[in-house]
Amino acid sequence: MMAWMLRTGQGPAHPISGTRPGMAVPEGVGRARGRKVCRVPGVLGGVAALLALACGVGVAHGAEGAVSAAAGAHGASTPGSQAQAQVPRQGGGGDPSRTDDVAAAGGSSWRRVAGVFSPPGSFVPSDALTYDTRLVPAGARIEVTQLAGPSATRVGVRLRGLVPRRAYGMHVHTSPCGADPVAAGPHYQHRPAATADPDNEVWLDFRTDEAGDGRAEALHDWGFREGGARSVVIHDRQGGAGERVACFTVPFGPPGPVE
Ligand SMILES: [Cu+2]
């Protein structure tokens, strides 16, 4: 079983020599895998086009990209001529701040979803809901990317505008977000009703920097079941539990054609 999680910002433990200052990875993480955000192991080697696409967009958009994308200015800057399909679009939930980009090639797929947090019941509906504006202020931004290959899935998140120098927990959950934090359901599990840990679930704990920005990444050698993973939930503390302070609806999917 291969699974690893990369935290950036001011992660408190397990520094690895050779990484950028401030980067840290938890136990069991191979040194080579912790060096670079866009580094993907051999199990994804057959998806060079999508990898280039994903990494290219990661650079092009980066933390700033969530801002420009949320403002609707992402279309022209999105690369990906090698992809078979690429469909920049807004989410279907009536959220004007949300953007979805998807692409597929060679049995693999890539998607990026960005949104702006607001409380449930806001005048302008949002797919990014904050249940505790002290920890996730209205106007904070989130970007989630998924690269799904035949035998591996990488999920990355970037956040802006949170509380500086604070640890947050985050996981992929089974259901879309709702006004009630419990609407997102439990953690997505690769082996249902099995262990609740970063191998069997997608944990994206992160710590914000001095500007309140944070990011995390998780890689697994398994893929999501169709319709089985529908959101990311931010928690007030790291690990497998904690209060639900925010949620973003993301249509994670298995590798293959996206529509
Ligand atoms: Cu969770």
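Would you mind working out the magnitude of the charge dipole of region 128-167 relative to its Cα centre, with +1 at each Lys and Arg C-beta and -1 at each Asp and Glu C-beta, to the nearest 20 Debye?
On the way: 7 positive and 2 negative charges, 39 e Å.
That gives a dipole near 180 debye.
I'd like the Karplus ³J(HN,Hα) series for region 183-199: coefficients 6.51, -1.76, 1.60, θ = phi - 60°, whole numbers in Hz, and an x wherever there's a Gly or Pro.
With the stated coefficients, region 183-199 comes to 4, 6, x, x, 4, 5, 10, 5, 9, x, 6, 9, 5, 9, 8, x, 7 Hz.
Please report, as a whole percent, how much of the solvent-accessible surface of region 154-259 comes from carbon and sulfur atoms (probe radius 1.4 Å).
Summing carbon and sulfur atoms, their accessible area is 52 percent of the total for region 154-259.
Report the label-to-label distance for Arg165 and Ser122 in nanometres (one decimal), using points 7 Å from each Cα along the Cα→Cβ vector.
The modelled label-to-label distance comes out at 2.8 nm.
How do 246-252, 122-128, 232-238 rank on mean C-beta neighbours within 10 Å, highest first?
Result, highest mean first: 246-252, 232-238, 122-128.
If r is the Cβ-Cβ distance from Ala179 to Asp221 and R0 is 41 Å, what FRET efficiency results, to the nearest 0.05? Spell out each step's value before the answer.
Numbers: r = 36 Å, r/R0 = 0.87.
The pair Ala179/Asp221 has a calculated efficiency of 0.70.
In whole Hz, with x marking every Gly and Pro, tabulate ³J(HN,Hα) for region 121-129 from phi via Karplus 6.51 cos²θ - 1.76 cosθ + 1.60, θ = phi - 60°.
Rounded to whole hertz, the list is x, 5, 4, 9, x, 9, 8, 10, 10.
Among Thr145, Ala211, Val155, flag the residue with its Cα farthest along the positive direction of the charge dipole of region 142-259, charges on Cβ as +1 for Lys/Arg and -1 for Asp/Glu.
Ala211
The values are calculated or read from the model by the stated rules, or taken from the named source; none is laboratory data. This structure is a prediction, so every number in the text was calculated from the model and none was measured. Cβ atoms come from the backbone with ideal geometry, glycine included; neighbour counts cover every protein chain shown. We work out accessible area using only protein heavy atoms, side chains counted, and drop any ligands, DNA or RNA first. Shrake-Rupley method; radii C 1.70, N 1.55, O 1.52, S 1.80 Å.
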